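Structure record follows, encoded as structure tokens.
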Amino acid sequence: MDMNQYLEVFIEESKEHLQTCSEQLLVLEKNPEDLSIVNEIFRSAHTLKGMSATMGYEDLANLTHKMENVLDGIRNNQIQLTPEIIDVVFMAVDDLEAMIYSIAEGGDGKRDVSDAVRKLQLIEKGESPVGPGEKESAASAETAEKISGFDQFELTVLQQSKDQGFNSFQITVELREDCLLKAARVFMIFEVLEQVGEVIKSNPPVDELEEEHFDQRFEVTIVTKESKDVIEKRIMKVSEVDFVQALPLDLQNVKEAASLEEEKNSRAVLEQEKQPDKAVSQKAASKPAIKQSNKTIRVNIERLDILMNLFEELVIDRGRLDQISKEINNQELNETVERMSRVTGDLQTIVLNMRMVPVETVFNRFPKMIRQLARDLHKKVNLEIAGAETELDRTVIDEIGDPLVHLLRNAIDHGIETPEIRKANGKDEEGQIKLKAYHSGNHVFIEIEDNGAGINKDKVLNKAISNGIITKEGALSLTDKQIFELIFASGFSTADKISDVSGRGVGLDVVKNTIESLGGSVTIDSKEGHGSKFLIQLPLTLSIISVMLVEIQKEKYAIPLSSIIETAIIKKDEIMNAHDQQVIDFRGKVLPLLFLKDVFEVPEENETDSEFLSVVIVRKGDKLAGLVVDSFIGQLEIVLKSLGNYLNSAFAISGATILGDGQVALIVDCNALIH
């Protein structure tokens with residue numbers, strides 16, 4: 001039997017089962033006693049195992065089988081669920097997802113999953129998945145990472161000590177789980193260390209160790225004349241110490257390793273951010289379906305694209321027929337065209353709805369990402385999602401994933417404080433992030449709100465001035481909202497140091513550019529000490545848009561209605577000059593004028609001596625501008641067509657459309673003009 005005919009269904013259903021596993025694992029982590037959740041995960045894993053074996057993907061089936069055994073042991077109370085076991089099951093799900101994506105991209109689904117299999121087998125035997133050997137390797141791996149935590153003074157001390165013949169060690173100490181007086185044991189260990197050398201740094205800091213704000217493990221960096229073995233033996237003499245490892249700290253090697261690790265992690269983060277979008281694209285590519293009350297059929301996205309292209313041609317012909325009927329003025333023809341317009345209008349609604357995809361296809365991947373990021377940053381974060389059923393056009397869905405990833409990572413890294421700081425400020429230790437989507441008119445709004453530290457206006461202003469984004473004089477006249485928007489500037493970052501999450505000044509400028517390229521906008525509201533809210537506004541669809549048709553000499557241009565505030569007729573003598581720019585007074589605001597015939601270099605054929613000018617007032621965020629045209633033609637629904645690869649660099653032109661009379665009208669990109 002040829003299994004290829006079932007491949008698409010297998011990939012799609014596998015993704016759905018893995019998504020269920022991820023979602024239910026997050027729920028299980030908060031409710032470890034609820035075995036019904038384990039049953040739900042088990043059912044998805046069991047189905048996935050059977051499908052994989054049927055399709056001939058043995059590696060997939062074997063890993064799922066191991067995971068299934070552990071889940072079966074948990075639901076039958078043979079295995080006690082712990083955070084470490086949940087981590088291992090998450091690891092197995094991540095491996096399974098990677099294998100499915102490999103198959104979806106034409107690969108064989110092969111992957112080295114020996115680590116996940118070994119840990120699952122240890123759990124199945126009733127052993128801990130994190131053995132002593134792994135503690136040592138984990139400590140070794142962390143040593144290179146910890147070097148980046150030293151400040152310049154500490155690095156200088158370490159270097160000078162090395163020059164004077166001292167040894168530098170990074171010491172990892174782990175106390176027994178049943179240790180009652182952790183602070184007392186830490187004090188005794190520090191006494192031992194001070195007898196053999198000098199303590200340079202501890203992680204967590206000493207004050208947190210004294211208050212027992214750590215689990216069982218902590219690290220200490222010392223300089224000493226003693227050897228590794230002597231240090232380890234002396235610390236092990238302190239009672240209730242379970243594990244000690246002293247690793248030599250070779251500054252040069254570790255610095256190089258840290259640099260390579262940072263570069264590798266940065267690449268991994270970028271890949272991680274791009275990969276889920278691929279998953280969203282593929283999921284959207286096969287999942288959009290014609291939904292009825294009780295049935296759903298899967299429709300290949302290519303067929304929907306063909307249907308959309310054919311309908312776009314129909315819209316163009318509808319416009320042409322409408323124009324012909326007005327010229328001929330035949331009653332029967334007018335009635336037929338009117339009826340055809342109503343039918344095509346209904347058809348347009350159906351076609352667009354078929355392309356609509358719930359934003360949950362993007363939102364679903366965030367809980368797991370936030371869980372991992374919060375753990376990496378030692379923060380407690382709860383993500384609350386609302387409005388995941390809100391629908392957007394597939395083309396918008398494909399593009400919105402990356403901006404949302406950046407904003408959520410920014411909220412956790414810059415917004416939410418550590419539990420200690422939140423507690424000191426009288427807040428709940430667990431930070432809250434709300435991700436909400438909803439419809440309003442012809443737009444979809446997505447809100448990302450956190451109850452973290454908010455935006456420090458002074459810090460943003462000082463950084464913007466030092467980066468040359470604004471001048472000190474210009475900073476005095478900025479409103480709070482304008483100050484917040486400075487964080488969208490290219491290369492801007494308030495992070496004190498570069499990390500895997502932030503600090504390179506890349507992210508928020510990409511967010512703004514991507515959203516504006518989709519015809520949307522993003523605004524910020526923040527209150528220092530209470531949190532921030534990012535509001536994204538997006539169009540429902542990008543294919544068919546409403547425009548104002550204008551004329552410049554004999555050429556026609558289309559300006560999207562979503563950018564227009566109003567139209568106006570002004571007198572030429574109302575125009576003033578300010579800073580080499582022609583402006584007008586628009587309701588108390590200075591409004592710059594842009595003459596489109598000059599911007600697009602339209603050949604001037606008919607000179608008019610009229611004392612009046614036609615102006616279209618457009619907006620980009622808080623910025624306004626007046627576009628001067630020769631005349632207004634009227635509003636129209638048009639089909640947006642790309643200009644192709646050869647003309648994609650045309651300034652302030654986002655595409656073109658074919659009008660009813662066969663003429664081509666260029667679509668004006670108001671964002672580029674105002675920018």
Q.
Need the C-alpha centroid separation for the range 509-585 versus the range 352-371, integer Å.
A. 28 Å
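Just to verify a number: FRET efficiency for Ala578 and Ala98, C-beta to C-beta distance, R0 = 51 Å, to 0.05?
0.30
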Q. How much length is gained on full extension from Leu535 to Leu643, taking 0.36 nm per residue of separation minus their Cα-Cα distance?
A. 35.8 nm
Q | Förster radius 35 Å - calculated FRET efficiency between His378 and Gln80 (Cβ-Cβ, nearest 0.05) | A | 0.85
Q.
Student exercise: in the range 148-242, how many lysine pairs 8 or more apart or on different chains have Cα atoms under 19 Å apart?
A. 9
Q. So for the range 544-674, Kirkwood radius off the Cα pairs, Stokes-Einstein at 37 °C and 0.692 mPa s: how many µm² s⁻¹?
A. 214 µm²/s
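Quick one: plug the Kirkwood hydrodynamic radius of the range 3-130 (C-alpha pairs) into Stokes-Einstein at 25 °C, 0.890 mPa s, and report D in µm²/s.
Calculated translational D: 168 µm²/s.
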**Q.** Over the range 1-112, relative contact order from alpha-carbon pairs under 8 Å, at least 6 apart, %
**A.** 28 percent
**Q.** Karplus (6.51, -1.76, 1.60) ³J(HN,Hα), θ = phi - 60°, over the range 348-362, in Hz, Gly and Pro reported as x
**A.** 4, 4, 5, 4, 5, 5, 5, 8, 6, 10, x, 5, 4, 4, 8
Q) Which FRET efficiency value, to the nearest 0.05, is calculated for Lys30 and Glu208 with the Förster distance at 22 angstrom and r the Cβ-Cβ distance? A) 0.25
(Q) Cβ neighbours within 10 Å, averaged per peptide: list 324-332, 512-520 in order, most packed at the top. (A) 512-520, 324-332
Q: Please give the length that would be gained between Asp317 and Ser466 if that part of the chain were fully extended, namely 0.36 nm times their separation in residues minus their C-alpha to C-alpha distance (nm, one decimal).
A: 48.0 nm
Q) How many nm is it between the label spots at Gln159 and Gln216, if each spot is 7 Å from the Cα in line with the beta carbon? A) 3.9 nm
Q: Would you mind counting up the charge near Pro539? Only other residues with Cβ under 12 Å from its Cβ, with Lys and Arg at +1 and Asp and Glu at -1.
A: -3
**Q.** Computed over the range 544-674: relative contact order in percent, which uses C-alpha pairs under 8 Å that are six or more apart
**A.** 31 percent
**Q.** Sorted by Cβ neighbour density within 10 Å, fewest at the top, the residues Ile487, Ile11
**A.** Ile11, Ile487
Q: Treating cross-link reach as a plain straight distance, find the aspartates and glutamates whose alpha-carbon is under 15 Å from the alpha-carbon of Lys459, omitting any fewer than eight places away in the same chain.
A: Asp480, Glu485, Asp496, Glu528
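A short reminder: the numbers here are calculations on the coordinates, not readings from a lab. These numbers come from a predicted model, not from an experiment. Counting neighbours? That spans all protein chains shown, and the Cβs are built from the backbone with ideal geometry, glycine included.
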